[in-house]
Amino acid sequence: MKIIIVGDGKVGATLVEHLSLEGHDIIVIDRDQKVIEQLVNSYDVMGICGNGASYEVQLEAGVGDAQLFVAVTSSDELNILSCLMAKKAGAEHTIARVRTPDYLKQVPFFKDELGLSMIVNPELDAANEIAKVLRFPNAINIETFYRGLVDLAEVKVDAGNPLCDTQLTDIFNKFNVRILVCAVQRKDEVIIPHGDFVLKAGDRIHITAPRGVLVSFMKKLKIYKHRTKDIMITGGGKMGYYLARQLCETGGYNVKIIENDEKRCDHLCEILPGADVVHGDGTDREVLLEQGLAGQDAFVALTTIDEENIMLSLFAKSKSDAKVITKINRIAYDEVISNLDLDSTIYPKNITAEYIVISLP
């Protein structure tokens, strides 16, 4: 498949990495010559330095016979314009990254009237993933299938867990619950287990079952946590807004956002009347403690700096029993993070890239 990608930022680079492994014919357009050179040297792709919204540049990339055109620059307007031109020039499918909340209600118009195949929003996609985890706090990550009736949950087998030293074929006899262990991550190895596989402390298991069965299984393991109610979010950016809005609309949550920018706080108060917005430094331990960190059911670190999110999450774990969720933007931290005592980590660029890959025509 011939795929043109405009923008080689975090999402663009991750998308190139994913798609290049599948043998697609990839052309990347970016204004930065150094970025293009680095990308061409790292992957089997063609690079063009230029404006992705330029008709001449798109023709140079061969847009007329492209099966997929993806615009993921930092500008929503540039992404939309690039996709409109690509569609007119003959691209079969177009995908634009649109992050601004004001455009969210216009997504049906973008698709139906402007002909875009898909709109992706990394912050919104990540917020949706966080909301899933908050609804099932026992899991590290959770995926939902079959209209919400079946869940695929990632759970860590800690020392003392009844699953330790248990053979998979013995799970039903031991717990009287029918679940399927789809995969096991043991250190750096991912294993598709057979029935004679024995679970060990430290394993991360991916299990699937209907939601009620999964809850019953967690209760029998004595690791079940009831749905979170009091949630503290540090960072009131786009992702914090999307998450808080979803939780407030769902109902049953007490949402507190700590944001350092006073103007942003005022804006959040206007658009999120159901949330408690606090003007303060979310990286200050005294502020967190004063705002009731110790009594929270969940703590979500969504600042713009990875290091701050990691340190805040570790601090939250040391001062509370909260379910801790950490936003990470740099893949280079993956190996280090896996050795830290964090609950759930969210990689927005990975989520969006995977979403695009699985939606390929």
Amide H of residue 31: which non-local residues (sequence gap of 5 or more, or other chain) have their own amide H closer than 5 Å, using H built in the peptide plane? 50
Using only the alpha carbons, work out the radius of gyration and Dmax of segment 70-219 in angstrom. 21.2, 62
Sorted from largest down, give the three principal axis spans of the alpha carbons of segment 135-208, whole angstrom values. 33, 29, 23
Based only on the alpha carbon positions, what is the Kirkwood hydrodynamic radius of segment 18-75, in angstrom? 12.0 Å
Before rounding to the nearest 500, sum -39500 (n - 2.57) across all DSSP H runs of length at least 4 in the chain and divide by the residue total; then give [θ] at 222 nm in deg cm²/dmol. -10500 deg cm²/dmol
Output the Kirkwood hydrodynamic radius of the chain, Cα pairs only, in Å rounded to one decimal. 22.2 Å
Per segment 162-305, sqrt(5λ) over the Cα gyration tensor eigenvalues, sorted largest first, in Å, gives 40, 16, 14
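For segment 255-336, what is the per residue volume of the convex hull drawn over the alpha-carbon atoms, in cubic angstrom?
96 Å³
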For segment 67-157, which GluC sites (Glu not before Pro) are both in a DSSP coil and crowded by at most 10 other Cβ atoms within 10 Å? 113
Links exceeding 30 Å between C-alpha atoms in this model, out of 34/105; 105/229; 200/319; 10/222, come to 34/105; 10/222
Quick numbers on segment 1-141, Rg and Dmax over C-alpha atoms in Å, give 15.8, 52
What list of ³J(HN,Hα) couplings, whole Hz, do you get for segment 243-248 from phi and the Karplus terms 6.51, -1.76, 1.60, once you set θ to phi - 60° and write x for glycine and proline? 5, 4, 4, 5, 5, 5
Mean shadow area of segment 274-315, taken as a quarter of the surface of its Cα convex hull (nm²): 3.3 nm²
Identify, among 119, 257, 94, the residue whose Cα sits farthest towards the positive end of the charge dipole of the chain, taking +1 on the Cβ of Lys and Arg and -1 on the Cβ of Asp and Glu, with the dipole about the Cα centre. 257
Assign unit charges at the C-beta atoms only (+1 for Lys and Arg, -1 for Asp and Glu), then state the dipole size of segment 26-176 relative to its Cα centre in Debye, rounded to the nearest 20. 380 debye
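Rule-based calculations on the coordinates, nothing more; no lab input. Given the structure is predicted, the values throughout are model-derived calculations rather than measurements. Because the Cβ atoms are built from the backbone with ideal geometry, glycine has one as well, and the counts that use them run over all protein chains shown.
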